[in-house]
Amino acid sequence: MSHVVLLIRLLKTTVRYILTFSKANQFFEPVTKHSFVYPSIRLNFLTRQINVHEGWRAATLFIAVGLGLVALPLVLKFLTDDPESKGLSAYGGLGVHRTMLKPDRHPMRSAMRSPHFWLLALSFGICSLTTSGLFQTHLIPHGIEHGFTEMTMAMSLGVMGAADVFGTILSGWLCDRYGKRWPLAFYYIVRGATLIVLPSIATTGQLMMFSIIYGMNWLSTIPATSALTADLFGKQNVGVVFGWICFAHQIGAAIAAYSAGYVHSLIGDYHLAFVASGLFAFVATGIVVFIKEPQTVSASHIC
């Protein structure tokens, strides 16, 4: 359930930043994303404590009351659909007020006829197959089976989370300067290599080095994928189109969570599951290469 909530927040944040920033779009997206990821981690700890001592109903009621009394009034007071509704221009717009395009009535009809939609959806499905669905379910059991303590594996995930902040912001910076397709392909190559190496890790030092490299790569695919979606299908349609691409992401997570557990039940370890997921990441690299990135005109070139 927490994965679904975080995915919804990610989608809302992605749409908001794309409509607000016309310059350095991919840099600001990971910054805004992490602004809610880490408060969410602290909130998860609190709700887990309530769940343990008072039950799931009290924890759910706490979230509902918090949203109603805190989050909803702030959203109604300060958030708008676009800067123009407050008489402002988008960041990087150089004072040029844009004409806001209304979303297409049926954006998925044209999107589903485009091979680029399926390439993005398939690659993003592999993204989750090689990250959240696999790691958040099976990494700690894998580490314990290889002699690491629960505290060491928890520390490994913490290091991944810290490295993720820097890696994702760096990803946005790279995408703003070098395009989205080739950085995205590179991220999948690095991810595939680290996953194939994972079963051979035997010491705590190796585990922490892996956590840094893999952590920097964990969510680096999101700025590139969401920005490609906006470029290919229009910023006005990114909410719907990227929403369905995120749906493919969740399918990949479900497949990874189930299949890795099933493989473990057959052969007794996760070695094959991690190596196979690494190979899938290499497949995602090939998929991304076939995406034709459109040429965009920056605000500085607008007369």
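The values are calculated or read from the model by the stated rules, or taken from the named source; none is laboratory data. Everything quoted here is computed from the prediction, not taken from an experiment. FYI the Cβ positions are ideal-geometry reconstructions off the backbone, even for glycines, and counts take in every protein chain you see. Only protein heavy atoms, including side chains, enter the accessible area calculation; ligands, DNA and RNA are left aside. Shrake-Rupley method; radii C 1.70, N 1.55, O 1.52, S 1.80 Å.
Some observations on this one:
Listed here are the residues, each with its yes/no results for (1) closer than 18 Å to Gly125 by Cβ; (2) at pLDDT below 90; (3) of a type in the set (Gly, Ala, Ser); (4) assigned to a helix (DSSP H, G or I).
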{"position": "Pro199", "(1), (2), (3), (4)": "no, no, no, yes"}
{"position": "Ala254", "(1), (2), (3), (4)": "yes, no, yes, yes"}
{"position": "Leu266", "(1), (2), (3), (4)": "no, no, no, yes"}
{"position": "Leu272", "(1), (2), (3), (4)": "no, no, no, yes"}
{"position": "Ser300", "(1), (2), (3), (4)": "no, yes, yes, yes"}
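- Per-region count, segment 248-281, residues open to solvent by 80 Å² or more (accessible area, probe 1.4 Å) and farther than 14 Å from Ser132 by Cα: 8
- A count restricted to segment 274-296 and to residues that are β-branched (Val, Ile, Thr), closer than 25 Å to Ala111 by Cβ and part of a helix (DSSP H, G or I) stands at 5.
- Candidate set: segment 122-172, residues that are farther than 21 Å from Leu272 by Cα and aromatic (Phe, Trp, Tyr); chosen: the one nearest to the chain's Cα centre (by Cα): Phe124
- Look at (1) farther than 20 Å from Ala256 by Cα; (2) touching a Phe, Trp or Tyr at 6+ places or on another chain (Cβ under 6 Å) and you find that Leu198 fails only one, number (1).
- Note on segment 231-247: among residues that are of a type in the set (A, V, I, L, M) and open to solvent by 10 Å² or more (accessible area, probe 1.4 Å), the one that is nearest to Asp104 (Cα to Cα) is Val240.
- Pairs where the first residue, in segment 53-81, is on the phi < 0 side of the Ramachandran plot and surrounded by 11 or more Cβ atoms within 10 Å (Cβ to Cβ) and the second is at pLDDT below 80 and assigned to a helix (DSSP H, G or I), C-beta under 6 Å, 6+ apart: Ala59/Thr47; Ala59/Asn51; Thr80/Lys86
- Filter result (at pLDDT 75 or above and surrounded by 12 or more Cβ atoms within 10 Å (Cβ to Cβ)) within segment 93-104: Pro103, Asp104
- Unique residue being within 23 Å of Gly161 (Cβ to Cβ) and not in a helix (DSSP H, G or I) when the list is Leu219, Leu207: Leu219
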